[in-house]
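Engineer: Can you read through this structure? Questions will come right after.
The values are calculated or read from the model by the stated rules, or taken from the named source; none is laboratory data. Computed from a prediction, not measured in an experiment: that's the story for all the values here. Cβ placement follows ideal geometry from the backbone for every residue including glycine, while neighbour counts extend to all protein chains displayed. Surface areas here come from the heavy atoms of the whole protein model, side chains and all, with no ligands, DNA or RNA. Shrake-Rupley method; radii C 1.70, N 1.55, O 1.52, S 1.80 Å.
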Amino acid sequence: MQQQRYKNGGKYVNEFGMNYLIKSLKQEHPFLKQAESTSLLHVSRDLHHAYQKLFKEHKGHPKFKSRKFPKQSYQSNSVNGNINQVDNSHLKLPKVGFVRFKSGRKVTGKIKNVTIYLSSTGKYYAMVLVDTEIKELPKANNSVGLDMGVADLMITSDGVKYPTIRFDKILAKKKTLLGKMLVQTSVTSSKGNCLG
């Protein structure tokens, strides 16, 4: 619709105009009613920004999601407390319900929105945007110079040395052991193939 209006010299429908069209689109396409309402507003906003880049900055048409690297995610706003952390292992999401999650700490502050996405490894992640107060640390009125070294990772102007951690030396024995195990398994599998 936006592209047809652009070709015909019509006026661009902004983000609020596209949000107003969602109601009629839900009647035309009933599957849209299954989606959470604020997530559709986020899709409308993303589409608006994509068309702004096309019409104003001439950066090219919005591209469809790649089949090879699909970005499977959705974003939902917190309205009247519909998103909250029930306890240290459960998060309440609109249209989804209670979701169990692993986290080391409790969410502090007012939840603004949450983004759920599926990674390429098949795991789901939730990114929670929180409005919270940040307490400033007291000023120490000290300044420290840092010198990046070769033998040491860093030397401060106070004389404190931070050594370089040599992971290659730490893991050298483990590397040789795993290499030997890999050679042994490949030899036994090749012998098995010869007999078969």
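Engineer: Report whether or not residue 103 is among the hydroxyl-bearing types (Ser, Thr, Tyr), open to solvent by less than 100 Å² (accessible area, probe 1.4 Å) and farther than 30 Å from residue 3 by Cα.
Structural biologist: Considered against the rule, which asks whether it is among the hydroxyl-bearing types (Ser, Thr, Tyr), open to solvent by less than 100 Å² (accessible area, probe 1.4 Å) and farther than 30 Å from residue 3 by Cα, residue 103 comes out as yes.
Engineer: For segment 58-74, state whether one or more residues are modelled with pLDDT of 85 or more, open to solvent by less than 100 Å² (accessible area, probe 1.4 Å) and in a loop (DSSP other than H, G, I, E, B).
Structural biologist: no
Engineer: Of all residues in segment 126-143, how many are open to solvent by 80 Å² or more (accessible area, probe 1.4 Å) and in a loop (DSSP other than H, G, I, E, B)?
Structural biologist: Residues flagged as open to solvent by 80 Å² or more (accessible area, probe 1.4 Å) and in a loop (DSSP other than H, G, I, E, B) within segment 126-143 amount to 10.
Engineer: Could you list, in sequence order, all residues of segment 75-85 that are open to solvent by less than 100 Å² (accessible area, probe 1.4 Å) and either over 21 Å from residue 45 (Cα atoms) or in a loop (DSSP other than H, G, I, E, B) (or both)?
Structural biologist: 78, 79, 81, 82, 83, 84, 85
Engineer: Continuing with the same structure: List the pairs whose first member sits in segment 102-129 and is within 21 Å of residue 40 (Cβ to Cβ) and touching a residue at least 12 places away in the same chain (Cβ under 8 Å), whose second member is open to solvent by 80 Å² or more (accessible area, probe 1.4 Å) and among the aromatic types (Phe, Trp, Tyr), and whose Cβ atoms are under 6 Å apart, counting only residues at least 6 apart or on separate chains?
Structural biologist: Taking only residues 6 or more apart or on different chains, the pairs are 117/125; 118/124.
Engineer: Among 108, 115, which is the only one that is open to solvent by 90 Å² or more (accessible area, probe 1.4 Å) and either of a type in the set (Gly, Ala, Ser) or within 30 Å of residue 135 (Cα to Cα) (or both)?
Structural biologist: Being open to solvent by 90 Å² or more (accessible area, probe 1.4 Å) and either of a type in the set (Gly, Ala, Ser) or within 30 Å of residue 135 (Cα to Cα) (or both) holds for just one of 108, 115, which is 108.
Engineer: Looking only at segment 86-125, how many residues end up being in a strand (DSSP E or B) and either of a type outside the set (Lys, Arg) or within 17 Å of the chain's Cα centre (by Cα) (or both)?
Structural biologist: 18
Engineer: From (1) among the hydrophobic types (A, V, I, L, M, F, W, C); (2) closer than 30 Å to residue 72 by Cβ; (3) modelled with pLDDT of 85 or more, pick out the condition that doesn't hold for residue 146.
Structural biologist: (2)
Engineer: If you don't mind, another one. Give segment 1-46 a look and list any residue that's assigned to a helix (DSSP H, G or I) and within 19 Å of residue 114 (Cα to Cα), or say none.
Structural biologist: 34, 37, 38, 39, 40, 41, 42, 43, 44, 45, 46
Engineer: Does segment 86-100 hold any residues that are open to solvent by less than 50 Å² (accessible area, probe 1.4 Å) and either farther than 23 Å from residue 33 by Cα or of a type in the set (Asp, Glu) (or both), and which are they?
Structural biologist: 89
Engineer: Quick one: which of 155, 170 is over 28 Å from residue 34 (Cβ atoms) and either open to solvent by 80 Å² or more (accessible area, probe 1.4 Å) or at pLDDT below 80 (or both)?
Structural biologist: Numbers: 155 fails: either open to solvent by 80 Å² or more (accessible area, probe 1.4 Å) or at pLDDT below 80 (or both).
Being over 28 Å from residue 34 (Cβ atoms) and either open to solvent by 80 Å² or more (accessible area, probe 1.4 Å) or at pLDDT below 80 (or both) holds for just one of 155, 170, which is 170.
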